[in-house]
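Each remark here refers to the structure printed beneath this line.
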Amino acid sequence: MFSGLKIAVVFIVLAVAGGGFFYVKQLQSNLKIMQLNNAKLEQAVETSEKSLELLKEDNIRLNNLSDQLTKDLQKAEAYGDSLRNRLRELDLVQDAIRDSKDLEGRMNGATAKLWRELEAATGGDGDTPLPNWLHSVPGAGDKSSNTDREDNSTDSSSTETN
């Protein structure tokens, strides 16, 4: 019986050793897989850190552009306000009645100036020829455009009778 017990103990020791061997092999396999996963995670972290840095740089750049656009908008609004104030001061209807050719010439000149400023502000050189409709009117301002009337006054209380 003693020899049967020895055989049983040897089988148990061999079984435990064989199980241990397979367990160690499994642990080594798992370790290799975890090392590969760790390398992938490190690469992913590095990529995300670079992306985060790029996002921060873009955020700074976009904030600067937004600030510049805000300043430009404020300038444009101030310019629009000054134009509105100037138009309130002018009586274009009276100017048109008095001397429409002169008014037309001044308006075309102002429009041409704005046209060139707009072209220069959008990347042009401001020297492009103006459109035909913006050229100055020959003889603008030298006489009234209403030549068929004898009375050039702007007094609306008088009536014309034939």
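Worth a mention:
- Listed by first and then second residue, the pairs with beta-carbon distance under 8 Å, at least 6 apart or on different chains, first residue in segment 51-73 and within 24 Å of T122 (Cα to Cα) and part of a helix (DSSP H, G or I), second modelled with pLDDT of 95 or more and not hydrophobic (A, V, I, L, M, F, W, C), form an empty list.
- Residues (farther than 25 Å from L118 by Cβ and not in a helix (DSSP H, G or I)) located in segment 74-104: D91, D99
- Output for segment 90-124, where each listed residue is among the charged types (D, E, K, R) and either more than 21 Å from K75 (Cα to Cα) or surrounded by 15 or more Cβ atoms within 10 Å (Cβ to Cβ) (or both): D91, D95, R98, D99, K101, D102, E104, R106, R116, E119
- Some residue of segment 79-94 being in contact (Cβ under 8 Å) with a residue 40 or more places away in the chain and not aromatic (F, W, Y): yes
- In this structure, A78 does not satisfy being more than 27 Å from the chain's Cα centre (by Cα), surrounded by 10 or more Cβ atoms within 10 Å (Cβ to Cβ) and either within 30 Å of T122 (Cβ to Cβ) or not assigned by TED's automatic domain parsing to the domain that holds T122 (or both).
- Qualifying residue in segment 59-71 (condition: within 25 Å of L118 (Cα to Cα), among the charged types (D, E, K, R) and more than 18 Å from the chain's Cα centre (by Cα)): no
The values are calculated or read from the model by the stated rules, or taken from the named source; none is laboratory data. Since the structure is predicted, the reported quantities are computational estimates derived from the model, not experimental observations. Glycine gets a Cβ as well: all are built from the backbone with ideal geometry, and neighbour counts include every protein chain shown.
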